[in-house]
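The values are calculated or read from the model by the stated rules, or taken from the named source; none is laboratory data. Predicted, not measured: the structure shown is a model, and the values here were computed from it. Note that we place each Cβ from the backbone using ideal geometry, even for glycine, and neighbour counts take in every protein chain shown.
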Ligand code: ADP
Ligand code: MG
């Protein structure tokens, strides 16, 4: 309702937080679905101001359908997007700064995290009528390149990969990196890619809830340094639609280890491990533990700007998942790595488009 409309706007951070690399964390509540309404669900999520979300837990009383509110908790994030937030608002607040950074030769990563059905794919890919972050980012990137005087020198490489069962699959251009000339066909390409994500109809739901979709855009261009030498600058944007988080609830290392070997999404666990290691300021970040973290090794921590969008349903039927998602997101806020702490060994320089394609082939070979 427009009456209670809260517009999320990122607060400007103190300078130290800007240069020290902090993960920016947003939460997006999707509209309640028809199915949830029909099941008689209540709304248990309230955005109280542009940064705070309040989660109420309900319990069933004997008087069936009469739900009793028991307690609640506030969570604070960089911004909270209500169900009325537009795709453009979500893009502008969460990702447009990273696109700017990529054009300055920096790396940026945006993750959507949350349970299956919480709105990750809607946020990342969106629909033809309401394109999501992936499409808006590429459109914005091309718009920005066009307004630069030296636009002839830019090369934009695109890859859209799926990590499923520790197998890396190229969703749009198997075996090579795609050089993108303009932004017009992006939605079609990505939709086609997403259809490739779910080729087995009987397991469609299973597949999409267990696979990660990773869009990486590498922008290479030439600039002149102070001595007028031409140098190559490379920036990489990674946009990640993560697998459903319902099976990876662990937030500490011990629990993570005990879950290994169980039927748990290895890449999602490995991502949690890397995030934990970064939060704890560890020297060694275990990027090699999964395909997803290998793909993101130069896109997490170090000088990379990282954004997390936690997607949640407003329904009390999902309050357990919502609580887990908010807890995880709350922890992600704590990651801080100083830009000048970046270690070349731990955080190698960005691959060019060709190196990127090589890495993908290498990761694919490991499964043969
Ligand atoms: P996930 O990828 O997390 O499993 P989806 O993005 O597929 O979830 O969302 C589940 C359903 O909810 C889809 O039908 C989607 O179109 C709808 N949906 C999600 N977020 C929104 C939103 N912000 N506005 C309108 N519909 C949404
Ligand atoms: Mg999805």
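So for region 226-233 (the condition being at pLDDT 75 or above, closer than 30 Å to residue 279 by Cα and within 16 Å of ligand 2 (Cβ to nearest atom)), does at least one residue qualify?
no
Restricting region 316-364 to residues that are modelled with pLDDT under 65 and in a strand (DSSP E or B), which is nearest to residue 238 (Cα to Cα)?
337
Does residue 92 fit the bill of being surrounded by fewer than 22 Cβ atoms within 10 Å (Cβ to Cβ) and either without any contact (Cβ under 8 Å) to a residue 40 or more places away in the chain or within 14 Å of ligand 1 (Cβ to nearest atom) (or both)?
Taking the combined requirement at face value, the residue satisfies it.
Quick one: residue 177 ticks every box in (1) modelled with pLDDT under 85; (2) surrounded by fewer than 16 Cβ atoms within 10 Å (Cβ to Cβ); (3) on the phi < 0 side of the Ramachandran plot bar one, so which box is it?
(2) is the only condition that residue 177 fails.
For region 121-135, which positions are free of Cβ contacts under 8 Å to residues at least 24 places away in the same chain and near ligand 1 (Cβ under 8 Å from one of its atoms)?
127
Counting just the residues of region 275-288 that are modelled with pLDDT of 90 or more and either within 16 Å of ligand 1 (Cβ to nearest atom) or under 21 Å from residue 211 (Cβ atoms) (or both), which one comes out surrounded by the most Cβ atoms within 10 Å (Cβ to Cβ)?
Among residues in region 275-288 that are modelled with pLDDT of 90 or more and either within 16 Å of ligand 1 (Cβ to nearest atom) or under 21 Å from residue 211 (Cβ atoms) (or both), the one surrounded by the most Cβ atoms within 10 Å (Cβ to Cβ) is 287.
Hey, among 118, 137, which residue is in contact with a strand residue (DSSP E or B) (Cβ under 7 Å, 6 or more places away or on another chain) and not in a helix (DSSP H, G or I)?
118
I'd like the residue in region 5-43 that is within 16 Å of ligand 1 (Cβ to nearest atom) and at pLDDT below 50 and, out of all such residues, is surrounded by the most Cβ atoms within 10 Å (Cβ to Cβ).
8
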